[in-house]
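The values are calculated or read from the model by the stated rules, or taken from the named source; none is laboratory data. All of these numbers come straight from a predicted model, not from anything done at the bench. Positions of Cβ are generated from backbone atoms using ideal geometry, with glycine treated the same way; all protein chains shown enter the neighbour counts.
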Amino acid sequence: MTECKQELLSLLLKAWEKEPELELMRLVEHIAASAGHLGSTSNLKDEVLFYQLEQNSGGCSPRLGGVHNEYIPDFRSALMKARGCKA
């Protein structure tokens, strides 16, 4: 089994431990719905589950790591910088 699938199963197990009353497929449907997935879970990609489980576990930073030095929390300041003006 690949490392990615092992990590996905680990995250899924942690989510299932938080809601043990749910059946596995109900848990997957719940995760898919929280990710905004519409339709059947048979069309659900592993990446969607992985991303949503990471978000729910708090493992991801809201900022992108590579652009941390360019991060501007204020929309107005970001807009002014993009226009070449000083904020």
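Looking only at the stretch 31-56, how many residues end up being assigned to a helix (DSSP H, G or I) and loosely packed, with under 13 Cβ neighbours inside 10 Å?
6
So is Val48 at pLDDT 90 or above and of a type in the set (Val, Ile, Thr) or not?
The answer is no for Val48.
In the stretch 35-53, which residues are free of Cβ contacts under 8 Å to residues at least 40 places away in the same chain and under 19 Å from Glu7 (Cβ atoms)?
Once the filter is applied, which keeps residues that are free of Cβ contacts under 8 Å to residues at least 40 places away in the same chain and under 19 Å from Glu7 (Cβ atoms), the stretch 35-53 yields Ala35, Leu44, Lys45, Glu47, Val48, Tyr51, Gln52.
Condition first: surrounded by 14 or more Cβ atoms within 10 Å (Cβ to Cβ) and among the aliphatic types (A, V, I, L, M). Now tell me which residues in the stretch 1-22 satisfy that.
Those that are surrounded by 14 or more Cβ atoms within 10 Å (Cβ to Cβ) and among the aliphatic types (A, V, I, L, M): Leu8, Leu11, Leu12, Ala15, Leu22.
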